[in-house]
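Enquirer: A single structure is presented below for examination.
What follows is calculated from the coordinates using simple rules that are stated; it is not laboratory data. All values reported here derive from a predicted model rather than from experimental measurement. Glycine also receives a Cβ, built like all others from the backbone with ideal geometry; neighbour counts cover every protein chain displayed.
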Amino acid sequence: MIQIILIAVLSLLAQFVLPWWSLAIIAFLVCFWRSSSAGQSFFAGFYGVALVWLAYAILLHSRTDGVFTGRMSELLFKTNSAILPGLVTAIVGGLVGGLAGLSGYFVKGAIGNEIANRIS
């Protein structure tokens, strides 16, 4: 749970001044530092980033009274559903964060194995 909160808060802060892909670096570093299993690292990255992007999609929806999300839904999905763009946004961002977190866990394991091989 602490990983999800760390990823969400740090990626939110990073995206104020850095490009959108900075969330992948944040998820990678947090899962490299704190993860104990591959599944935990993927889901922590996924939920941490998806939470931030879904909250931002809801914020945009409420600021524009649904006009922006309605038009984007008509343009991309040929339907007038305001929920669909928010869900797709959260899923895409979550996949980026989840794969970055999983990569962090695997790099941590690879470095640990390399150090263990050098010692023995």
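Enquirer: Can you sort 102, 23 by how many other beta carbons sit within 10 Å, fewest first? Spell out each step's value before the answer.
Expert: Details: 102 23, 23 26.
Final ranking by Cβ density, sparse to dense: 102, 23.
Enquirer: Could you derive backbone 3J(HN,Hα) for segment 54-62 from the dihedral phi with the Karplus parameters 6.51, -1.76 and 1.60 (θ = phi - 60°), listing whole Hz in sequence and x where the residue is Gly or Pro?
Expert: 5, 4, 5, 5, 5, 4, 5, 4, 6
Enquirer: Across segment 65-70, in residue order, what do the Karplus-derived ³J(HN,Hα) couplings come to in whole Hz, using 6.51 cos²θ - 1.76 cosθ + 1.60 with θ = phi - 60° and x for Gly and Pro?
Expert: Result, ordered by residue: 6, x, 5, 5, 5, x Hz.
Enquirer: Another question, then. When the chain is fully extended, how far beyond the present Cα-Cα distance does residue 77 get from residue 113, taking 0.36 nm per residue of separation?
Expert: 8.4 nm
Enquirer: 222 nm [θ] for the chain, helices only, -39500 (n - 2.57) per DSSP H run of 4+, per residue, to 500?
Expert: -29500 deg cm²/dmol
Enquirer: Still on this structure: Compute the signed sum of charges (Lys and Arg +1, Asp and Glu -1) over the other residues within less than 14 Å, Cβ to Cβ, of residue 3.
Expert: Value of the local net charge: +2.
Enquirer: Right, here's the next one. Rounded, prolate or oblate for segment 41-89? Axes are the square roots of the Cα gyration tensor eigenvalues, ordered a ≥ b ≥ c, and the cut-off for rounded is a/c under 1.5.
Expert: It comes out oblate by the Cα gyration axes.
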